[in-house]
Structures are given as C-alpha cells and as structure tokens.
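Single-structure report; data block below.
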Amino acid sequence: MSEFQAAQALDKKDPLAEFRTHFVLTPNEIYLDGNSLGKLPKAAQKAVQDTVAKQWGERLIRSWNEAWLELPSRLAEKYAKLLQVSKEEVIIGESTSVRLYQVLHALAKSDLSPKHLGTDNLNFPTDLYVMEGIAQDFSFGEMTQIDYGQEVEADLEILKTTIKEKPGIYCLSLVSYKSSYLYPMKVLNLWAEQHRSILVWDLSHAVGAVTIDLKETATKIAVGCSYKYMNGGPGAPAFLFIQKALQRKLANPIQGWFGHKNPFAFESDYHPNQGIDRFASGTPPILSLQAMEAGVDLALKAGIKNIRKKSVLQSEFFLEGVREKLLPLGYQLESPTDPECRGSHVTLSHPASWQICQGLLQGTSKDSKIIPDFRPPHFIRFAMTPLYTCFEELQKVIFRLESIVLTKEYQKFKTNKPRVT
Ligand SMILES: Cc1ncc(COP(=O)(O)O)c(C=O)c1O
C-alpha cells in the first residue's frame with residue numbers, strides 16, 4: 001500500500017470524518033492554520049445572517065429580551081461543559097488580553113499570593129505585556145521570566161524551583177504557541193498551591209484540541225480565546241474561568257454596568273454582581289457571540305476525548321513523514337516528540353522557512369495551496385484540527401514539503417515578509 005493509500009484508509013475509518021462537512025471548505029486548499037484562526041462552521045454563517053436580518057434588522061431593541069441577554073450565559077454553560085466545570089464558574093466576553101488584565105489586576109489587589117509575577121519564555125507575548133503592565137502599576141518589582149535556554153519544552157525542575165523560591169502569581173500557556181509543548185497542569189497547580197502561589201492558565205492554544213478538566217486538575221483561574229480550535233470566528237470573545245471559592249475574593253477592575261448586580265436599575269453606585277458575573281463590564285458583542293456558538297456546539301458533539309484521540313493520531317502520522325522524508329532535507333522538529341507533552345500543532349524549522357511557506361501558499365498546477373503559519377524567526381506551524389483536517393491532506397503536505405526542497409523550487413520566492421504572517 002502506498003503512503004497515500006494508507007492515509008486514505010485512515011480517513012475511511014475516522015469516526016470524526018463527518019464533521020468536515022459542517023465547515024465551509026475551499027477546493028484545492030489545505031488549511032493547517034486552525035491554531036491561528038479556525039475555519040468557518042456553516043451553522044455560524046447562518047446564525048450571523050439570521051441575527052443580522054431578523055434580530056437586528058427586524059426585531060431591533062426587542063431582541064435583547066427575546067434572544068440576546070441570555071446568550072453569554074448560554075455560551076458560558078457550553079464552555080463550562082467542555083472544560084468540565086460548573087456554569088457558575090465561566091464567563092464569556094472580551095479578548096484574552098483583557099481577561100488576563102482583569103484577573104491579574106484582581107489577584108494583585110487580593111491577598112491570595114505574595115506580590116510577585118512570573119512566567120516563562122514559552123508564553124505568548126500578550127501575556128508578557130499584560131503582566132509587565134500590572135507589575136509596574138502595582139510596583140511589584142521585576143517580573144520573573146524563566147528562560148529555559150530553548151523554546152521547545154519547559155524544564156519542569158527549573159519551573160518548580162522558581163515557583164518555590166519566588167512564590168507569587170504565575171501565568172503559563174497550557175499549550176505553548178511556538179512549540180506546542182503541553183504542560184502537566186495538575187502537577188503544577190498542586191505545586192503552586194503548596195508553595196503559596198497561584199497559576200493563571202492561558203488555554204488559547206489548548207481549548208478544543210486537548211482534553212481539559214479544570215476541576216480535576218485543581219485549576220483556579222484560566223482564560224482563553226475561542227477563535228482557534230473552537231472555530232468561533234475572527235476576534236471571537238474569550239472565556240474566563242474562576243474557581244467558585246475564589247470569586248468573591250476578586251474584584252473586577254473594569255466596573256462597567258454589565259457587572260453591576262442590577263444593570264437595568266441604572267443606580268449611580270456600583271454594586272458588583274454575585275459570582276463570576278461581576279467580571280462582566282460592557283454590552284456583550286452579540287454578532288460575535290452568535291458566530292461563536294456553532295464552534296462550541298460542534299466540539300461538544302464530537303466529544304473532546306475523540307478530538308484529542310484523532311489529534312494525537314494525526315500528529316503522529318505527520319511526524320512519521322517528517323522523520324522519514326523531511327529531517328534528511330534540513331528540516332528540524334521544534335515540537336516535543338512525546339504526544340503526551342504536545343498539543344495539536346507540530347512546528348518545523350528550516351533555514352529557508354519563509355521561502356518554503358511562500359511556495360506552500362502559492363501551490364502549483366498539480367499541488368493544492370497549503371496554508372500553515374509562520375512565526376519568526378524560522379518556525380512553520382502545522383495545526384491538526386481534527387474536526388476538519390484529514391489524513392490525506394497531511395500526506396500531501398509531507399510530499400510538498402519534500403519536493404519544494406528537493407527541486408529547490410523555494411529559491412524562486414522572496415525572503416521579505418508582510419506584517420501578518
Ligand atoms: C496563547 C495566546 N494567548 C493570547 C492570545 C491573544 O489573545 P487576544 O488577541 O484574544 O487578546 C493569543 C493569540 O494568538 C495566544 O496564542
């Protein structure tokens with residue numbers, strides 16, 4: 001059996017294969033950038049069209065009572081199910097950066113941990129920027145930024161020792177955006193607890209791709225976006241989880257009317273809502289919320305354990321091709337080799353990464369266009385999004401990555417880059 005036939009056979013027996021039909025697909029294009037922006041679910045397209053035409057176009061202000069006011073909490077309930085916590089512990093809205101600011105500010109003001117902020121060099125830049133700002137505003141002194149000397153894996157001994165020696169508020173991305181490294185969440189939460197620290201998890205690259213049980217892992221606070229593996233749409237609202245016991249100890253620094261216990265009484269004094277709802281601020285973005293529901297519905301229907309199972313199978317399949325055909329051509333693997341320590345994307349590098357990316361994006365008369373994503377200085381990330389990626393596509397990508405280097409075709413492409421890669 002050829003490699004191609006083997007891939008087709010895997011697609012044939014894939015229990016999630018049917019989910020691909022729920023997305024808008026582009027012919028002759030292989031999309032492996034679902035860890036930046038997930039594909040458009042057909043149901044999201046319809047929901048937005050209906051909302052615009054009927055709820056906004058016809059029902060106008062009446063739609064708040066008829067459909068819109070309950071929308072954020074309906075979505076919170078669905079995300080809570082996915083994250084295996086109660087619906088009173090999740091709120092939807094704002095961006096991940098704003099949610100991080102809110103919770104870090106709230107923690108900084110609280111007496112839940114020593115006054116010190118820390119992270120590591122695998123974390124996403126927005127997290128670092130928000131932390132830097134909070135550390136300055138609260139005069140916390142220098143923030144700790146652990147540098148493991150490489151960007152593929154966290155060194156857990158170094159991380160644990162740092163938490164022990166400099167306890168405080170630590171923010172980590174459960175799956176790192178560059179290498180796809182997956183942290184052992186429970187071990188670290190328990191360690192932090194033992195050493196007077198609190199971990200804030202950024203789940204942006206993990207949600208919808210790996211199994212997450214926030215209760216079982218003793219997670220206290222987590223944030224994340226919904227536009228990657230959750231297919232919620234460009235700039236889709238983020239989610240925030242705060243463990244129930246902590247909620248009343250944390251104050252929302254953006255005291256807007258939607259966080260008031262009775263917003264429509266229009267009182268002049270601010271009295272925060274109970275529970276997680278105190279973390280609301282302004283009017284919910286209805287069009288974005290309507291767009292994001294189809295994505296979470298599909299993830300729940302497929303089941304996160306099944307999604308994760310397929311993601312591991314696909315990543316291992318892809319890596320088999322990488323080892324056999326690509327490493328001998330100068331590609332390097334920049335992701336962990338152990339699937340237990342890896343999310344749902346695989347990162348490669350090559351001295352000519354950017355030119356190779358241009359070749360993939362352009363395609364040829366016989367090769368489909370391929371959309372991976374590029375992260376400076378030379379990383380190419382390939383995301384397996386089990387709801388719509390098929391094995392046949394992954395095999396085509398391996399062949400293409402092989403041929404573009406073997407034939408030196410990549411040399412045709414320029415080395416300069418646009419703003420969004
Ligand atoms: C890990 C991580 N956190 C945060 C963000 C940014 O979130 P937002 O733009 O919703 O603030 C991203 C964006 O890609 C990300 O990958």
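The single condition among (1) within 16 Å of the ligand (Cβ to nearest atom); (2) surrounded by fewer than 22 Cβ atoms within 10 Å (Cβ to Cβ); (3) closer than 19 Å to ALA206 by Cα that GLN84 does not meet is (1).
Here the stretch 32-58 is the region considered, the condition is being in contact with a helix residue (DSSP H, G or I) (Cβ under 8 Å, 6 or more places away or on another chain) and under 26 Å from THR347 (Cα atoms), and the residue that is farthest from the ligand (Cβ to nearest atom) is PRO41. Suppose we keep only residues that are among the hydrophobic types (A, V, I, L, M, F, W, C) and in contact with a His (Cβ under 8 Å, 6 or more places away or on another chain) within the stretch 330-357. Which one would you say is surrounded by the most Cβ atoms within 10 Å (Cβ to Cβ)? The selected residue is ILE356. Taking GLY141 as the residue in question, decide whether it is touching a His at 6+ places or on another chain (Cβ under 8 Å), at pLDDT below 95 and away from the ligand (no atom under 12 Å from the Cβ). So GLY141 fits the description; yes.
Only a single item in (1) more than 20 Å from HIS205 (Cα to Cα); (2) within 16 Å of the ligand (Cβ to nearest atom) is not met by THR96, and it is number (1).
Looking only at the stretch 184-197, residues that are under 18 Å from ASN121 (Cα atoms) and either more than 16 Å from the ligand (Cβ to nearest atom) or not assigned by TED's automatic domain parsing to the domain that holds LYS164 (or both) come to 2 in all. Taken over the stretch 226-243, the criterion of being crowded, with 24+ Cβ neighbours inside 10 Å, of a type outside the set (Gly, Ala, Ser) and either near the ligand (Cβ under 10 Å from one of its atoms) or assigned to a loop (DSSP other than H, G, I, E, B) (or both) is satisfied by TYR227, LYS228, TYR229, MET230, ASN231, PRO237. Considering only residues in the stretch 99-116 that are within 22 Å of the chain's Cα centre (by Cα) and among the aliphatic types (A, V, I, L, M), the one that is nearest to the ligand (Cβ to nearest atom) turns out to be LEU100.
Just the residues that are touching a Ser or Thr at 6+ places or on another chain (Cβ under 7 Å) and over 21 Å from TYR183 (Cβ atoms), please, taken from the stretch 112-141. Scanning the stretch 112-141 gives no hits. Right, LEU172: closer than 19 Å to ILE212 by Cβ and either part of a loop (DSSP other than H, G, I, E, B) or over 22 Å from the mean Cα position of the chain (by Cα) (or both) or not? It is false that LEU172 is closer than 19 Å to ILE212 by Cβ and either part of a loop (DSSP other than H, G, I, E, B) or over 22 Å from the mean Cα position of the chain (by Cα) (or both).
So the check is Cβ under 6 Å with 6+ separation or different chains; which pairs have a first residue in the stretch 87-109 that's polar (S, T, N, Q) and a second one that's part of a helix (DSSP H, G or I) and within 12 Å of the ligand (Cβ to nearest atom)? So the pair list comes out as SER97/THR126; SER97/VAL130. In the stretch 200-218, the residue that is nearest to the ligand (Cβ to nearest atom) out of those that are surrounded by fewer than 24 Cβ atoms within 10 Å (Cβ to Cβ) and free of Cβ contacts under 8 Å to residues at least 40 places away in the same chain is THR217. Contact map, the stretch 145-163: residues that are touching a residue at least 12 places away in the same chain (Cβ under 8 Å) paired with residues that are among the basic types (Lys, Arg) and not in a strand (DSSP E or B), Cβ distance under 9 Å, separation 6+ or inter-chain. Pairs shown: GLU151/LYS178; VAL152/LYS178.
The values are calculated or read from the model by the stated rules, or taken from the named source; none is laboratory data. Since this is a predicted model, take the numbers as computed values, not measurements. Virtual Cβ from ideal backbone geometry, glycine too; neighbours counted across all protein chains shown.
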